[in-house]
Amino acid sequence: MRLLAGVIEIDGKEKLLIIEDGVARLEPVESQAQREEFGCYQLLKKRELHLRRGSVSGPGVFRFRYGPVTAGVREAGCFNLYTFGEKILHAGIDVSWKHRGIEETMSNKTPQRALALAEAVCSNFAFSHSVAYARAVENALHSNVDMGVQNWRNILLEAERIYNHLHVITKLASAAAQKVLTSHLSSLFEEALRLNEILTGSRYLMGINQVGGFHHLPSLENMQHAINGYSLIAKRFEQLYVHSVNNANYMDRLHAAGTITADQAIAMGLSGPSLRACGVKDDLNTTISHLIQLPVITQNEGDALARMEVRAEEIMNSCEYIIDHLKISDAWNFNTDEATKSIRENGEGCGIANSPSGAVAYYVVLQDGIIAHARIFTPSYVGMHAAAFSLDEYIFTDFPFIFDSFGVHFSDAAR
Amino acid sequence: MLKWWPLFGIRRHLTEKKAYTSPIRLQSLYGKLFQRSLFIYILDVGSSNALNFEISALESPQYNIHRFGIYFTDSPRHADVLLILGRPTELMLAPMNETLNQMPEPYYVITIDDSMDDLPMSPYPEMRHHVAQLKGIPSPSELLGLLLELIKNKRIAS
């Protein structure tokens, strides 16, 4: 399938960043038909920080402003909810409070310095951002990256998926007042962060990936430790998951909350678990060659429950993937001291990575080995728009289940 | 037959018995005032989200912060400590100052700056009782060590 990941407009020239069969490529815009092919074209072109502006009027209708300082949503962001007291009539999200101007700051930086900025967009997606950015630069400079590096990137992308999915499901359980489930999931979340540190030295997998290579690899002892750790996480999570889906109170809160159809999800440019929960198979797992193919998990309902179920099954698959690959990883020999040398210093390129919440895409232009332009397209940007859309016509009690089930973050959307 | 939820995993001991320490030594302004409990209000003003995740990790059963009398509160008016995450974006300066105005005396302010120096973030304004300025992403155990140092909690060693 063809997904529009981003619209790039530099010096009056427009290009589309398309993902087709798992491969990212740039298409110059030559006709209106190209724009009309994608429902999310305007959204991705405007890149607004005030998502779903608009208002509703009527008897007793008022604007309820939720944020940017509220304990309910920890990140600095703001919801504009139009309501007459119970039902949400229109929801808009303002992510501008978290805007840090990262794209602009990347200009005139060396590729390695800009990589650290890519990791700072949203630290819990740091590795996905780092991989998508590195792939874009490698693509622009025509660098061939060692297969061992690619395999390690895939392993750590799955490690990132596990702790993020655990975090999302913990929040959903907490919102449904499932105290026992929340505590157990929260302990698994902390365990997953500790395994990240064992594998890479960073709880958020930062500072290990580089353009064309990898800074260092874990010792065999640490790899064994990680294998045991992920086996335990998979086993404990499966028990909890089976137990939780038999709990009617919990299921009732998630079922039929924030339902979107497959057509709506595609039109809004969703990818990742939010799209797969509508029964659509995306090609993000085929972004690069895997030694053992990851199954694509889908559900059909398109509600908060389906999104949770997709994430839950992905946790168990990702644990299995990491264990299988770590067992054979000592055969991947490459020099971690030297990144692959690029064969040129000028060029443009794009890269994507399969982040826990969908496709992260980067577009870079390099001149004389320095970043001239960078554009970042995040899953949280389209995800925030979809979350706001899904909140319409639901009641305030559904709010945390709908918003949290999309796994989106203000820092990721605001850049 | 599934177990009743309250019995699920009841024999699993998740809380760790460790001495949590912080390299930062604090001079407690209020002596023993917050020794029995500490209520913290979290305010994100521009962090890259790792700090929010570390706060979530700090709430995990491994750390079990409630045994030390440490709680997160939903309003700055109920808080003893304002924990500011990240360096402020320009837009967040005003909400941050307003939150500071809502803090009841006596209180502490702790800031954690995880922003890269390249980014155009605002510097922290002058704040009263600003007892600690951390840089980078502290782990939950370091953060817990800092909070325990602040309240000089005598139950740490036991």
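Considering segment B:37-154, the qualifying strands (runs of 3 or more DSSP E), each wholly inside and each with 2 or more residues that are more than 7 Å from chain A (Cβ to nearest Cβ), within 29 Å of A:His50 (Cα to Cα) and in contact with a strand residue (DSSP E or B) (Cβ under 7 Å, 6 or more places away or on another chain), run over B:81-85, B:108-113. In segment A:105-118, what count of residues is obtained for those that are facing chain B (nearest Cβ under 8 Å) and assigned to a helix (DSSP H, G or I)? Qualifying residue count for the region: 4.
Is it the case that segment A:181-199 has a residue that's part of a helix (DSSP H, G or I), in contact (Cβ under 8 Å) with a residue 60 or more places away in the chain and out of contact with any Asp or Glu (no Cβ under 7 Å at 6 or more places or on another chain)? Yes, that holds for at least one residue. Per this entry, A:Ala140 is not counted among residues that are within 30 Å of A:Phe214 (Cβ to Cβ), under 17 Å from the mean Cα position of the chain (by Cα) and more than 14 Å from chain B (Cβ to nearest Cβ). The residues of segment A:194-222 that are of a type in the set (A, V, I, L, M), within 11 Å of another protein chain (Cβ to nearest Cβ) and out of contact with any Leu (no Cβ under 9 Å at 6 or more places or on another chain) amount to a single one, A:Met206.
Here A:Lys87 qualifies as surrounded by fewer than 20 Cβ atoms within 10 Å (Cβ to Cβ), at pLDDT 90 or above and charged (D, E, K, R). Within segment A:41-61, no residue satisfies the criterion of being basic (Lys, Arg) and within 14 Å of another protein chain (Cβ to nearest Cβ).
Among the residues of segment A:81-104, write down those that are more than 9 Å from chain B (Cβ to nearest Cβ) and at positive phi. Answer for segment A:81-104, where residues must be more than 9 Å from chain B (Cβ to nearest Cβ) and at positive phi: just A:Gly85.
Taken together, the residues in segment A:393-413 that are assigned to a helix (DSSP H, G or I) and of a type in the set (A, V, I, L, M) amount to 2. Among the helices (runs of 4 or more DSSP H) confined to segment A:231-315, the ones with at least 1 residues that are touching a Gly at 6+ places or on another chain (Cβ under 9 Å) are located at A:262-267, A:273-276.
Here the condition is being on the phi < 0 side of the Ramachandran plot, part of a strand (DSSP E or B) and either within 14 Å of chain B (Cβ to nearest Cβ) or not aliphatic (A, V, I, L, M) (or both); of A:Phe38, A:Phe64, it holds for A:Phe64 alone. Candidates B:Leu51, B:Leu14: the one that is surrounded by 15 or more Cβ atoms within 10 Å (Cβ to Cβ) and under 14 Å from the mean Cα position of the chain (by Cα) is B:Leu51.
Consider segment A:315-342 and keep the residues that are buried (at least 19 other Cβ atoms within 10 Å of the Cβ) and modelled with pLDDT under 70. The one that is nearest to A:Glu160 (Cα to Cα) is A:Ala339.
Sort out which residues of segment A:382-414 are surrounded by fewer than 23 Cβ atoms within 10 Å (Cβ to Cβ) and within 14 Å of chain B (Cβ to nearest Cβ), and write them in order of number. Matches in segment A:382-414: A:Pro400 only.
The values are calculated or read from the model by the stated rules, or taken from the named source; none is laboratory data. Remember, it's a predicted structure, so these values are computed and weren't measured experimentally. Cβ sites come from the backbone with ideal geometry, for glycine too, and all protein chains shown count toward neighbours.
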